[in-house]
Amino acid sequence: MKRIQLTISGCLGPCDVPNVALIVTGQSMFWLGNLKGTDYQELIDWAVLCKQMSRAMEVPKSLRTHEITAPFIL
């Protein structure tokens, strides 16, 4: 993994779900919704670990509890 990118944007599509994040790795995409305070730090910690390991690590189970259905096919 050469880089980690964080992009802050407006609505990603599922506007009825607050605090949405889309994680894109070389292998997959994960939509997360209803994120709260400590979830963001865990997301950053995961990204740092991926960078340190030079590969996309498994998304933590605690974040997977926030997984939502993709609003559309990319």
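The values are calculated or read from the model by the stated rules, or taken from the named source; none is laboratory data. Keep in mind that what you see is a predicted model, and the values were worked out from it rather than measured. For accessibility, only protein heavy atoms count, side chains too; no ligands or nucleic acids. Shrake-Rupley method; radii C 1.70, N 1.55, O 1.52, S 1.80 Å.
Brief remarks on what is shown
- Average accessible surface area per residue within the chain, 1.4 Å rolling probe, Å²: 73
- Between residue 68 and residue 42, residue separation times 0.36 nm minus the direct Cα-Cα distance comes to 7.6 nm.
- For the chain, the longest principal axis of the C-alpha atoms and the axis of helix 37-53 are separated by about 30°.
- Extension gain for residue 28 to residue 9 (0.36 nm times residue separation, less C-alpha to C-alpha distance): 4.8 nm.
- (1) 35, 27, 21; (2) 49, 24, 18; (3) 49, 32, 20, with the label sought being that of the calculated Cα extents along the principal axes in Å: (1)
- The chain - percent of accessible surface contributed by carbon and sulfur, probe 1.4 Å: 57
- Using heavy atoms of the protein chains and a probe of 1.4 Å, the accessible area assigned to residue 20 is about 40 Å².
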